[in-house]
Structures are given as structure tokens and as C-alpha cells.
Amino acid sequence: MKTYIDLHIHSTASDGTFTPAQIVSNAIAAVPEKKAPVVIALTDHDTVAGVPEFMAEAKKYKDRLTAIPGVEISTDYNGVEIH
């Protein structure tokens with residue numbers, strides 16, 4: 001059985017299109033095999049504001065979903081933004 005993984009997802013807490021809860025439900029709905037494992041990480045830019053909603057929604061699917069809270073941190077190196 002395949003495992004479906006996306007470790008770089010942004011929500012409306014930064015520059016994404018979907019709310020953290022929608023990300024979870026969309027990920028589950030997008031996997032054709034209804035029992036296939038899904039692994040997703042919420043990695044919004046410079047904020048963890050969406051993590052509580054993301055993790056709360058993920059609990060509904062704990063039998064097949066691994067939800068990883070994260071953050072994409074912006075930095076400067078020699079005057080160039082890196083994230």
C-alpha cells in the first residue's frame with residue numbers, strides 16, 4: 001500500500017488558500033485508497049497560528065493520518081531573504 005506524503009503545506013494563516021482544517025480534510029479526500037496512510041505537515045511562513053486548528057482536525061483521522069506541526073522560518077543572509 002502506498003503512503004501519501006506532503007511535508008510543505010501553507011494555510012490561510014500565511015499565504016495558503018485553505019484553512020488548516022480544510023487542508024486536513026482535503027488531504028484525506030484526495031487519497032484514492034480509503035485506508036492508505038497520509039502524512040502531512042503544516043509549514044506556514046513565520047507563524048504557528050494555524051497549528052491548533054490543524055491538529056484538532058487531524059485527530060478525527062488519527063487511524064490513518066500523521067499530522068506534523070511545523071513552521072517555515074524566513075531569514076536574511078547577506079541581505080538576501082531565505083526561507
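The values are calculated or read from the model by the stated rules, or taken from the named source; none is laboratory data. Note that the coordinates shown come from a computational prediction; the quantities given were computed from them, not determined experimentally. FYI the Cβ positions are ideal-geometry reconstructions off the backbone, even for glycines, and counts take in every protein chain you see. The area values use the complete protein model at the heavy-atom level, side chains included, leaving out ligands, DNA and RNA. Shrake-Rupley method; radii C 1.70, N 1.55, O 1.52, S 1.80 Å.
Taking each DSSP H run with n ≥ 4 as -39500 (n - 2.57) and averaging over every residue of the chain yields -6500 deg cm²/dmol at 222 nm. Along the axis of the charge dipole computed for the chain (Cβ charges of +1 for Lys and Arg, -1 for Asp and Glu, origin at the Cα centre), the listed residues His83, Ala56, Val71 are led at the positive end by Ala56. Take the Cα of Thr47, step 7 Å toward its Cβ, do the same at Tyr77, and the gap between the two points is 2.6 nm. Taking every protein chain into account, the accessible area of the chain amounts to 63 square angstrom per residue (probe 1.4 Å).
Taking the protein heavy atoms of the chain in the context of the full set of protein chains, the accessible area attributed to carbon and sulfur is 58 percent at 1.4 Å. Annotation note: trypsin sites (Lys or Arg not before Pro) in region 36-83 located in DSSP loop regions with a Cβ neighbour count of at most 12 within 10 Å are Lys62.
Largest GNM mean-square fluctuation across Val51, Val24, Val71, computed for the chain with C-alpha springs under 10 Å, falls on Val71. Qualifying GluC sites (Glu not before Pro) in the chain, where qualification requires a DSSP coil assignment and no more than 13 other C-beta atoms within 10 Å, comprise Glu33.
Each principal axis of the Cα cloud of the chain was taken in turn, and the coordinate range along them, longest first, works out to 47, 24, 18 Å.
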